Structures are given as structure tokens and as C-alpha cells.
Amino acid sequence: MHKDMEKEYLLKGITAFKRKFTVISPEYKILALSSRFNGIKESETIGQHCYKVFHDRSSPCKNCSVKMALEKKKPALTPQSVNSLDLDEMPCYFAYPIFSGNDIEAFVSMDFDLPTRGGLEENLQRSNALLRNLIQSSVDCVIAADMKGKILIFNDAAVEVFGYTEDEALNTLNVRDIYPGDQAFEVMRKLRSGEYGGKGKLKLYYTDVISKNGETIPIKLNASKIYEKGQKIATIGFFRDMREEFRIKNELENTQIQLLQAEKMSSLGKLAAGVAHQLNNPLGGITLFAKLMQEEYDLEEGAKEDLGRILKDAQRCRDTVKELLEFTRQTRHLMRPHDVNHAISRTLFLLESQTLFHNIEIVKDLDDSLPHVQSDIQQLNHLFMNIILNAAQAMKEKGRLTVKSSLMPDGNRVCIEISDTGPGIPEDILPHIFEQFFTTKEEGKGTGLGLSLAYSIVKNHGGNIMAKNKPGQGTTFIIEFPIADKGNEGEESGDKI
Ligand SMILES: Nc1ncnc2c1ncn2[C@@H]1O[C@H](COP(=O)(O)OP(=O)(O)OP(=O)(O)O)[C@@H](O)[C@H]1O
Ligand SMILES: [Mg+2]
């Protein structure tokens with residue numbers, strides 16, 4: 001075949017080859033190009049710098065394949081940076097030197113967009129970076145560990161909740177250490193069992209974890225095993241810190257109990273007000289006529305004494321009515337300094353005449369010089385009423401009730417101890433007595449709200465309450481309140497009861 005024809009076929013072949021095909025000098029000048037360059041006129045490109053024409057730059061590109069081929073004196077391939085994670089679309093440039101003897105005369109450069117090993121790796125790195133970013137910025141704690149418990153991922157949220165740095169977690173921590181006791185084995189057992197969300201999965205599991213400073217944190221866990229070629233290689237867990245959610249839930253439940261109790265007390269108050277109204281009139285009559293008889297009739301000594309007794313008892317009835325009204329009075333909740341002894345005495349005064357207390361000896365050991373406590377008197381009444389009633393019920397209406405008040409040695413708190421000679425509280429029950437609806441009484445006899453209300457009242461007042469217990473020798477409830485700050489009198493409280 002004629003040489004010219006051969007050249008012509010070669011050129012046609014290059015054109016038919018659907019690639020951007022250029023011949024570039026070692027000075028980066030375009031010597032020839034195929035007709036695959038849309039919008040670029042051949043006449044305006046020949047002799048121009050390739051970086052200017054193709055990339056509008058004033059110097060060679062950083063990852064130029066021609067530059068690399070020039071340096072290495074052998075063919076070079078460079079991937080172009082793209083923002084897509086689509087692995088099929090990784091464009092590369094390929095430069096092949098054209099030698100003239102030992103010197104490079106020019107380069108053949110061609111674009112190339114089939115995935116290559118280099119491109120795959122680069123994309124893999126990019127997708128890894130994206131995944132790492134997703135994990136790091138997750139609101140839930142993300143922790144992954146290998147099958148020996150060595151931690152592989154510990155994201156920012158985990159750093160915040162657990163208090164370890166990422167470095168500490170990856171190098172010194174074992175995933176078992178973040179669980180209390182053998183809880184880690186329990187999680188693994190559940191993951192294995194397949195009963196908690198499918199094989200190798202654990203869904204919505206509530207448990208505790210332990211932070212670096214030893215704090216127990218309630219969490220909700222979703223976890224799964226990671227498999228590679230059928231082999232378990234790691235576990236990953238998504239932990240949600242439940243502290244805030246539980247706090248809000250608790251607050252809501254407390255409010256509900258307080259509302260329930262308020263309803264109970266409110267109907268009791270209405271009843272008491274009605275009874276008091278009905279009693280006050282006849283009591284007034286009894287007192288008036290007894291006094292008239294004393295004054296207007298010349299009575300024997302014995303009859304006078306009897307009238308005196310009638311007057312005394314009528315007065316006692318009026319006091320009871322007054323205290324009852326005071327006790328159940330519906331007022332806005334007002335925090336002001338109150339004498340705790342007074343609240344205790346009023347409660348005892350109302351209770352001691354009840355049949356429940358007839359065979360109970362009441363021992364009062366109240367410190368008269370006790371500083372006042374910033375408190376809501378209604379709440380104090382309810383608090384003591386609940387604890388004293390429990391004591392009487394526990395003693396089965398027979399025994400000794402001791403109420404003691406004192407200033408604590410630090411001088412900042414008052415302490416009230418209410419002891420009974422009942423059977424005491426069994427050790428397994430003791431941790432639950434302040435829980436709402438916890439009762440050991442038969443149905444209809446107890447709602448299990450008394451002590452949970454007492455607990456929330458004490459907490460509302462910045463105090464503490466605990467039960468000490470000697471089975472067989474009775475129970476002592478110990479309540480501590482901070483004393484009133486003198487500059488803080490008469491402050492209205494938004495707390496409800
Ligand atoms: N002084 C005490 N001695 C022994 N057990 C007690 C004493 N006080 C409380 N308890 C136990 O604690 C439980 C919870 O008491 P709480 O006052 O909350 O509810 P309750 O008395 O059962 O019902 P409610 O007070 O609502 O009528 C009681 O059922 C009882 O088992
Ligand atoms: Mg009770």
C-alpha cells in the first residue's frame with residue numbers, strides 16, 4: 001500500500017477512535033489534535049500551550065500526565081479529580097512519549113475514562129472519608145469494636161457522652177469496659193440469639209453504660225454484628241443518651257402524682273370545709289349555753305365541773321375543726337419560712353384522736369429553737385401525714401411513734417426523724433418504697449403514692465429523705481431540709497402538689 005494512503009488511514013483511525021487525542025511537545029505546546037474537541041478550533045490551538053487551551057491555566061497542571069511522562073521518561077497515567085463517587089466515571093489522562101533516539105520529541109496524550117486501579121482506590125478513599133464524616137457527625141454515639149473488643153470507631157458524640165478522647169478509646173479501651181458488670185456479655189448474648197431484632201442484631205435495648213468518670217448513664221442501644229465473607233469481624237452499636245428523656249419523663253410522672261394527690265386533698269378539703277361549717281354552729285350553741293348555765297344558775301360544784309368539761313371538749317372540737325380547715329385549705333403554693341415543728345404538731349394533733357392511734361404511744365422530741373425552713377406549709381402537712389400514717393399502719397395500730405427534730409451539726413439543715421416499732425421494711429423492698437404505685441398493701445388499702453409524693457415534696461424543698469430499717473425493731477424515716485435563707489422570705493413557688 002502507498003505510504004500516503006497508510007498515513008491517511010492512520011489519521012482516519014485516530015479520528016474514528018472516540019478520544020481526545022493530542023500530540024504535545026515537551027514544552028507543553030500542542031502540535032496536533034484529533035477532531036474530538038468540541039468547540040475548540042484547530043487553527044487557534046496549534047502551537048499554543050495545552051494547559052492554557054484545555055484548562056485556562058498559566059502553567060502546567062499539577063497532575064498532568066505529560067509532565068509525569070516527561071519526568072519519568074516513560075508512559076504515565078493520571079486520574080483527574082472529580083466530585084462524584086460514581087466509580088464508573090473516573091476520567092484519566094494517558095501520556096505516551098515519542099522518542100527520537102534517546103530524546104523525547106513529543107507526547108501522545110489521550111483521555112481515558114474507564115475505571116482504573118488508581119481511580120478505584122482514590123474513589124474508595126473518598127467514599128471512606130464521606131462515611132467517616134457521617135459517623136463522626138451522628139447525634140448518637142457510634143462505637144464499633146472487633147471481636148476481641150478492641151475499639152475501631154469512637155465518634156464525636158461518644159467522646160462527649162463517655163468522656164474518653166478518641167485516641168484513648170481506640171488505644172486503651174475495651175468495649176467491655178463501657179458496660180457495668182457483665183452487661184457486655186448480655187449484649188453479645190442477645191446479639192447472638194436473634195430474638196431481639198434478627199440474627200446478629202439487637203434493637204431498642206435499654207441498658208446502662210459507664211463513663212470515664214464512673215457515671216452510670218442510661219442509654220438506648222441498637223447494635224449489629226458486621227460480617228465479611230460470612231465471618232463475624234466486628235460489632236457496631238448506636239447508643240442514645242437517655243438522661244434528658246428520662247428526666248422529662250420523671251418530671252411528668254411526678255406532676256401526675258402530684259395532681260392525683262391534689263385531687264384527693266381537694267375533695268378532702270371540700271368535705272372538711274362542709275363538715276366544719278356544719279359543726280361550727282352547734283359547737284357555738286353548746287359553748288354559749290354551757291357558759292350561760294355556768295353564770296346564771298346556782299349550780300352544785302359537781303355540775304359546774306361537768307359544764308367545765310363540756311366547755312373544754314367543745315373548745316377542743318373547735319380547735320380540731322380549725323386545724324382540719326387549715327390542713328386542707330386550698331391556697332396558692334407559697335414558699336416562706338415555716339416552723340417544721342408546728343407542721344409536725346398539727347399533723348399529730350389531727351391524727352392522735354383517730355382510732356388508728358388509740359393504742360399508739362406518741363413521743364415528741366422537738367427542738368424548740370429550730371430555725372425555720374423555706375417551705376410550703378401544705379406540702380409539709382402532706383409529707384408528715386403520709387409518713388406518720390404509714391408508721392401507724394405498719395405497727396398495726398399498736399406500738400410507739402417517735403418524732404424527733406434537731407439541727408444538724410453543720411448548722412445549715414434541720415433533721416426530722418420519724419420512727420416506729422413496726423416490723424421494719426424487708427431489705428428487698430427497701431429500694432422500691434419511694435417508687436410510685438409501689439405498695440405491699442392489699443388492693444383497695446394502699447395506692448402506693450404516699451412515699452413517692454413525700455419524696456417529690458422533699459426534693460422540691462432541696463432536701464433529702466431516706467428510710468433506715470432494723471427488721472423486727474421498726475423503721476426510721478430521716479428527712480433533712482435546708483434552713484431558710486433570711487433574705488428569701490415569702491417567695492411564691494410554681495411547684496404544684
Ligand atoms: N413505716 C413503715 N414500716 C414498714 N413498711 C413501710 C413503712 N412505710 C412504708 N412502708 C412500705 O412502703 C410501701 C409504700 O408506701 P407508700 O406510702 O408509698 O404506699 P402505701 O402506704 O402502700 O399506699 P398509700 O400511701 O398510697 O395509701 C408500703 O406499702 C409499705 O410496704
Ligand atoms: Mg402510705
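Bear in mind that the values in this text are calculations on the coordinates, not laboratory data. Source: prediction; values computed, not measured. Neighbour counts are summed over all protein chains in view; Cβ atoms, including those assigned to glycine, are modelled from backbone coordinates with ideal geometry.
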If you average the sequence gap of Cα pairs under 8 Å that are 6 or more apart and divide by the length of the range 147-206, what percent do you get for the contact order?
22
Added length on full extension, which subtracts the Cα-Cα distance from 0.36 nm per residue, Met68 to Leu389:
106.3 nm
Dipole in debye (nearest 20) - the range 188-229, about Cα centre, beta carbon charges: Lys, Arg +1; Asp, Glu -1:
280
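When a/c reaches 1.5 or more, the comparison of a/b and b/c decides; with that in mind, is the range 281-422 rounded, prolate or oblate per its Cα gyration tensor?
In terms of gyration-tensor shape, prolate.
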Label Gln183 and Asp111 with points 7 Å out from Cα along Cα→Cβ: what is the distance between them in nm?
5.7
Residue order, fewest to most beta carbons within 10 Å, for Thr440, Thr216, Thr475:
Thr216, Thr440, Thr475
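Set the Förster radius R0 to 56 Å, insert the Cβ-Cβ distance between Asn102 and Lys212 as r into 1/(1 + (r/R0)^6), and round the FRET efficiency to 0.05.
The pair Asn102/Lys212 has a calculated efficiency of 0.25.
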Relative contact order (%) - criterion: Cα under 8 Å, at least six apart; region: the chain:
8
Note: the chain at 10 °C, 1.306 mPa s; Kirkwood Rh on alpha carbon pairs; Stokes-Einstein D in µm²/s works out to 50
Cβ-derived FRET efficiency at R0 22 Å, His342 paired with Leu407, nearest 0.05
0.85
With the dipole of the chain defined by +1 on each Lys or Arg Cβ and -1 on each Asp or Glu Cβ, the option from His55, Val108, Val275 whose Cα lies farthest towards the positive pole is Val108
Would you kindly enumerate the cysteines in the chain that have no other Cys beta-carbon under 4.7 Å from their beta-carbon?
Cys50, Cys92, Cys141, Cys317, Cys415
Spin-label model distance (nm) - Asp146 vs Phe289, 7 Å beyond Cα toward Cβ
9.9
Find how much the distance from His55 to Lys12 grows on full extension, using 0.36 nm per residue of separation minus their present alpha carbon separation; answer in nm with one decimal.
12.8 nm
Scattering curve values for the range 137-241, log₁₀ I(q)/I(0), Debye with Cα scatterers, q = 0.11 Å⁻¹:
-0.29
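Find how much the distance from Tyr196 to Lys41 grows on full extension, using 0.36 nm per residue of separation minus their present alpha carbon separation; answer in nm with one decimal.
Stretched fully, the Tyr196-Lys41 segment lengthens by 49.1 nm.
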Once you charge only the Cβ atoms, +1 for Lys and Arg and -1 for Asp and Glu, what is the size of the charge dipole of the chain about its Cα centre, to the nearest 20 debye?
2660
Between the residues Gln258, Leu299, Ile377, the Cα farthest towards the positive end of the dipole of the chain, that dipole coming from +1 and -1 charges on the beta-carbon of Lys, Arg, Asp and Glu, is from Gln258
Measuring from the longest principal axis of the C-alpha atoms of the chain, the long axis of helix 340-352 (C-alpha) lies at a number of degrees, nearest 10, equal to 60
Alpha-carbon centroids, the range 330-390 and the range 168-185: separation in whole Å
50
Given a Förster radius of 30 Å and the C-beta distance between Thr165 and Glu228 as r, what FRET efficiency does 1/(1 + (r/R0)^6) yield to the nearest 0.05?
0.60
With only Lys, Arg, Asp and Glu charged, each at its Cβ (+1 for the first two, -1 for the last two), find how big the charge dipole of the range 332-497 is about the Cα centre; round to the nearest 20 debye.
260
Which value does Rg/Rh take for the range 226-316 over its C-alpha atoms, Rh per Kirkwood?
1.71
Sort Asp339, Asp485 so the one with the fewest other Cβ atoms within 10 Å of its own Cβ comes first.
Asp485, Asp339
Could you give the nm distance between label points at Asp298 and Met466, where each point is 7 Å from its Cα heading toward the beta carbon?
7.2
Whole-Hz ³J(HN,Hα) for each residue in the range 203-215, computed from phi via Karplus 6.51 cos²θ - 1.76 cosθ + 1.60 with θ = phi - 60°, x for glycine and proline: what do you get?
10, 6, 9, 8, 8, 10, 10, 10, 7, 4, 8, x, 6
